[in-house]
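The values are calculated or read from the model by the stated rules, or taken from the named source; none is laboratory data. Keep in mind the model is a prediction, meaning the values are calculated, not measured. Using ideal geometry, Cβ is built from the backbone for each residue, glycine included, and neighbour counts are taken over all protein chains shown. To get the accessible areas, we keep the full protein, side chains included, count just its heavy atoms, and leave off ligands, DNA and RNA. Shrake-Rupley method; radii C 1.70, N 1.55, O 1.52, S 1.80 Å.
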Amino acid sequence: MSIVRESDLIGIGKKYQIETEAGDNMVVVIHDDGRRELYRSEDDDSETHCVMTLSDEESRQVAGIIGGLSYKPKALETMEVALDDLRIEWYKVGASSDGVHKTIGELGVRQRTGASIIAAIREEETIINPGPEYVITPDTTLVVAGKKANIKLLKEILI
């Protein structure tokens, strides 16, 4: 598992120093204005070098790609990630599901379950953070986040 150190940069934002299992070192600076800067340090050099600057929107898009929101290996029908109490699960909606052809708002997902649908994936299209007007269709894979009990309630609404 990687080692992450977090520190405040007064008047700038936050800094995250990351050492990966492979021994790579990276620094991510999140500015208060939403910009992100990625730095990398070379093994033989303690100095870091900026390799990329991203806007807030670009950062979220890259996070989705790295986090697996835009591509899921075909072999994985469901997947679960747990971070303390937070869980992220992939759920494929069947044709006979009660939630099919209804919007997220109609189902009252957040209000009734406390869980959030953070992405909807269908064929080659990925919608990150679909709004309440998003219509759930058969064969869509929903990426949901919440506590275990919240996700269970969400699945009950969709089944």
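Please find, within region 51-95, the residue that is most open to solvent (accessible area, probe 1.4 Å) out of those that are among the hydroxyl-bearing types (S, T, Y) and at pLDDT below 85. Steps first, please.
Filtering region 51-95 for residues among the hydroxyl-bearing types (S, T, Y) gives 53, 55, 59, 70-71, 78, 91.
The next check asks that each one be at pLDDT below 85; those that pass are 70-71, 78.
Values: S70: 62, Y71: 151, T78: 96 Å².
Out of the qualifying residues, it is Y71.
How many residues, within region 115-128, are surrounded by 14 or more Cβ atoms within 10 Å (Cβ to Cβ) and either free of Cβ contacts under 8 Å to residues at least 40 places away in the same chain or of a type in the set (G, A, S) (or both)? Steps first, please.
First, the residues of region 115-128 that are surrounded by 14 or more Cβ atoms within 10 Å (Cβ to Cβ): 115-122, 126-128.
Then keep just the ones that are either free of Cβ contacts under 8 Å to residues at least 40 places away in the same chain or of a type in the set (G, A, S) (or both); that gives 115-117, 119-120, 122, 127.
Qualifying residue count for the region: 7.
So which of E123, E133 is closer than 25 Å to E58 by Cα, of a type in the set (D, E) and under 19 Å from the mean Cα position of the chain (by Cα)?
Values: E133 fails: under 19 Å from the mean Cα position of the chain (by Cα).
So the residue among E123, E133 that is closer than 25 Å to E58 by Cα, of a type in the set (D, E) and under 19 Å from the mean Cα position of the chain (by Cα) is E123.
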